[in-house]
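Have a look at the structure below, then the notes.
The values are calculated or read from the model by the stated rules, or taken from the named source; none is laboratory data. Owing to the predicted nature of the structure, the values given are computational and were not obtained by experimental measurement. Heads up, the Cβs are rebuilt from the backbone with ideal geometry, glycines too, and the neighbour counts pull from every protein chain shown.
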Amino acid sequence: MTEERITREEFVMFFLAESHNTGDSTPYLQAEGARMRELQQAGIVETVLLKADRSGAVILLRAADAAAARDALSSLPLVVNGITSFGEFIEVIPTR
């Protein structure tokens, strides 16, 4: 699945999402990385930070609303295969 490149002006909100792993992510890491790169190239995912204890990640993304942000991350292989889940999507405001 590949999204069309979206310009920054089309996004009106930034969201911070934290994932929580509940299983072994190892079998899905290659596919997860590929999908994350697609979301980054599409301008949806801005930054991905791995938690130091490897229990999940913190992701900064752009979307029209929280539902669109959740939809984008629901396509990640770790989510599709039930290995990770996202709780609240927190709207954040970048400082310039």
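Between residues in region 64-92 that are within 18 Å of Gly23 (Cβ to Cβ) and part of a helix (DSSP H, G or I) and residues that are modelled with pLDDT of 95 or more and among the basic types (Lys, Arg), which pairs lie under 7 Å by C-beta distance while being six or more apart or on different chains?
Pro77/Arg35
Restricting region 45-57 to residues that are touching a strand residue (DSSP E or B) at 6+ places or on another chain (Cβ under 7 Å) and more than 17 Å from Val79 (Cα to Cα), which is surrounded by the fewest Cβ atoms within 10 Å (Cβ to Cβ)? Quick ask: steps written out before the conclusion?
To start, the set of residues in region 45-57 that are touching a strand residue (DSSP E or B) at 6+ places or on another chain (Cβ under 7 Å) comprises 45-51, 55-57.
Narrowing further to those that are more than 17 Å from Val79 (Cα to Cα): 46-47.
Values: Glu46: 17, Thr47: 11.
Ranking the candidates gives Thr47 first.
Provide a single number: the residues in region 19-28 that are at pLDDT 95 or above and either aliphatic (A, V, I, L, M) or crowded, with 16+ Cβ neighbours inside 10 Å (or both).
Residues flagged as at pLDDT 95 or above and either aliphatic (A, V, I, L, M) or crowded, with 16+ Cβ neighbours inside 10 Å (or both) within region 19-28 amount to 3.
Given the criteria in a strand (DSSP E or B), at pLDDT 95 or above, surrounded by 13 or more Cβ atoms within 10 Å (Cβ to Cβ) and under 9 Å from the mean Cα position of the chain (by Cα), does Leu60 qualify? Explain how you work it out, then say what you get.
On the way: in a strand (DSSP E or B): yes; at pLDDT 95 or above: yes; surrounded by 13 or more Cβ atoms within 10 Å (Cβ to Cβ): yes; under 9 Å from the mean Cα position of the chain (by Cα): yes.
Taking the combined requirement at face value, the residue satisfies it.
Among the residues of region 76-96, which ones are of a type outside the set (D, E, K, R), surrounded by fewer than 14 Cβ atoms within 10 Å (Cβ to Cβ) and either under 10 Å from the mean Cα position of the chain (by Cα) or over 20 Å from Thr26 (Cβ atoms) (or both)? So that I can check it myself, show each step before the final result.
Keep residues of region 76-96 that are of a type outside the set (D, E, K, R), which gives 76-87, 89-90, 92-95.
Next cut, surrounded by fewer than 14 Cβ atoms within 10 Å (Cβ to Cβ) only: 82, 87, 90, 92-95.
Those that are of a type outside the set (D, E, K, R), surrounded by fewer than 14 Cβ atoms within 10 Å (Cβ to Cβ) and either under 10 Å from the mean Cα position of the chain (by Cα) or over 20 Å from Thr26 (Cβ atoms) (or both): Gly87, Ile90, Val92, Ile93, Pro94, Thr95.
Here are Leu29, Leu49: which of them is within 26 Å of Val12 (Cβ to Cβ) and either assigned to a strand (DSSP E or B) or out of contact with any Lys or Arg (no Cβ under 6 Å at 6 or more places or on another chain) (or both)? Outline the logic, then answer.
Values: Leu29 fails: within 26 Å of Val12 (Cβ to Cβ).
Only one candidate qualifies: Leu49.
Would you confirm, using the coordinates I've provided, whether Ala52 is aliphatic (A, V, I, L, M) and within 18 Å of Phe89 (Cα to Cα)? Before you say what the answer is, go through the steps one by one.
Values: aliphatic (A, V, I, L, M): yes; within 18 Å of Phe89 (Cα to Cα): no.
Considered against the rule, which asks whether it is aliphatic (A, V, I, L, M) and within 18 Å of Phe89 (Cα to Cα), Ala52 comes out as no.
Give the number of residues within region 87-96 that are out of contact with any helix residue (DSSP H, G or I) (no Cβ under 6 Å at 6 or more places or on another chain) and under 16 Å from Ala68 (Cα atoms).
Just the residues of region 87-96 that are out of contact with any helix residue (DSSP H, G or I) (no Cβ under 6 Å at 6 or more places or on another chain), to begin with: 87-88, 90-96.
Going one step further and asking which of them are under 16 Å from Ala68 (Cα atoms), we end up with 87-88, 90-92.
Total meeting the criteria: 5.
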